[in-house]
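The values are calculated or read from the model by the stated rules, or taken from the named source; none is laboratory data. It should be emphasised that the depicted structure is a prediction, and the values quoted were computed from it without experimental measurement. Every residue, glycine as well, gets a Cβ built from its backbone with ideal geometry; the counts of neighbours run over all protein chains shown. Accessible surface is based on the protein model in full, side chains and every heavy atom, while ligands, DNA and RNA are left aside. Shrake-Rupley method; radii C 1.70, N 1.55, O 1.52, S 1.80 Å.
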Amino acid sequence: MSIRDVYIVDAVRTPIGKFGGALSSVRPDDLAAHVVRALVDRTPDLDPARVDDVYFGDANGAGEDNRDVARMAVLLAGLPTSVPGVTVNRLCGSGLEAVIQAARAIALGDASVAIAGGVESMSRAPWVLQKPERAFPAGHQQLHSTTLGWRMTNPRMPAEWTVSLGEGAELVADKHAIGREQQDAFALASHRKAAEAWAKGLYDDEVVAYEGVELVRDECIRDTTSPQALAKLKPSFRADGGTVTAGNASPLNDGAAALLLVDEEGLRETGREPLARIRASAVTGIEPQLFGLGPVQAVRRALDKAGRDFSDLTTFELNEAFAAQALGCLAEWPELDPAVVNPRGGAIAIGHPLGASGARLAGAVAHQLAAAGSGTGLAALCIGVGQGLALVLER
């Protein structure tokens, strides 16, 4: 069996909304449908019926994104009912996992044209109530928020594995001696790079605003933040000696992203020049409490599979779940030039809608490679419960 080349023809995303912000009134299935429809509309030569499958990442799936949000997006976007859809979950890596699964299907000949993406509405994530063990319990019952993190934890899990995500970031900061000032400086740079990229119009080709919502730019970017403002924030997870704050961590967000993937035959049908080609991917595991360092080995493995090294990278989109986590990864890649990392800002400024972030990163790398004209790019994320995921693209 021959392995087919897989191309990214286009990539779009919504502006990323803040928790309880401009996109909080929009259902996640509608957000997903919006980016799917935008992809189809931007490629008018492609018959929508030619889409063999739609893959979407979704980390929670406990509310309006239940019942296979990928299939719901297909139907709500007005694609033919013959187009199927599947939803995948690798927590924060779900959107990138969707891209990888779609690419794998095309590479193996199971599909010629596919859409891959991700969605999350953390604003609309519901509270859930476990069923009682017997009918009509007399006592009070507990509601669990599905917005973020551990809930209904299995008591057999070791306690050191089930610490909060923020405490996990503090553990990475401890491991690599990453102080508060260094984390705040990283966060400040993220906001400044994102604001500059928007001002220069660098996101114009990929961001598609949601009709009826007054949001044309990522909502969490703080143009006027400063070292002094960040320094005033209190630690969020450790009262004594903590370094992780709301200012040097990614916020809670709403948004969606999608990419159009094709083989050679599908590429001819689109009548378009591809943004990039998918070269390799890798996934690895790590101790759950050190989830922030999950990308370290995944990135090395993906680069090795692609026959590339850090010196070949034109751009590297590393998800900024926390400044401490991103800096911890960078500390373990001493051969990497940090100047290629998140050149247009990262998740601390742009936002981190869990299931959508991986697709946003892959799309960002593809657009940046297209703008450069050639090169090698990489997208990677840490993943709660201790995983790392990476994708190598080329042009």
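At a glance:
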{"quantity": "Any hit, region 274-294, residues being in a helix (DSSP H, G or I), under 23 Å from GLY375 (Cβ atoms) and of a type outside the set (S, T, N, Q)", "calculated": "no"}
{"quantity": "Residue in region 246-269 that is without any contact (Cβ under 8 Å) to a residue 60 or more places away in the chain and closer than 30 Å to ALA116 by Cβ present", "calculated": "yes"}
{"quantity": "Residue tally, condition open to solvent by 40 Å² or more (accessible area, probe 1.4 Å) and more than 21 Å from the chain's Cα centre (by Cα), over region 198-218", "calculated": "5"}
{"quantity": "Options LEU327, LEU381; residue that is closer than 16 Å to LEU303 by Cα and either touching a helix residue (DSSP H, G or I) at 6+ places or on another chain (Cβ under 7 Å) or among the small types (Gly, Ala, Ser) (or both)", "calculated": "LEU381"}
{"quantity": "Residue match in region 23-33 (condition: part of a strand (DSSP E or B), open to solvent by 50 Å² or more (accessible area, probe 1.4 Å), touching a residue at least 24 places away in the same chain (Cβ under 8 Å) and over 18 Å from GLY95 (Cβ atoms))", "calculated": "no"}
{"quantity": "Residue list for region 1-22, filter: crowded, with 24+ Cβ neighbours inside 10 Å and of a type in the set (Lys, Arg)", "calculated": "ARG13"}
{"quantity": "Residue identified as on the phi < 0 side of the Ramachandran plot and out of contact with any helix residue (DSSP H, G or I) (no Cβ under 9 Å at 6 or more places or on another chain) among ARG222, ARG301, ARG279, ARG238", "calculated": "ARG301"}
{"quantity": "Residue count, region 263-273 (criterion: in a loop (DSSP other than H, G, I, E, B) and open to solvent by 30 Å² or more (accessible area, probe 1.4 Å))", "calculated": "3"}
{"quantity": "Of all residues making up region 153-172, the number that are part of a loop (DSSP other than H, G, I, E, B) and open to solvent by less than 90 Å² (accessible area, probe 1.4 Å)", "calculated": "7"}
{"quantity": "Test: ALA256 is in a strand (DSSP E or B), of a type in the set (A, V, I, L, M) and at pLDDT 95 or above", "calculated": "yes"}
{"quantity": "So GLY179, is it closer than 29 Å to PRO288 by Cα, touching a residue at least 60 places away in the same chain (Cβ under 8 Å) and within 25 Å of the chain's Cα centre (by Cα)", "calculated": "no"}
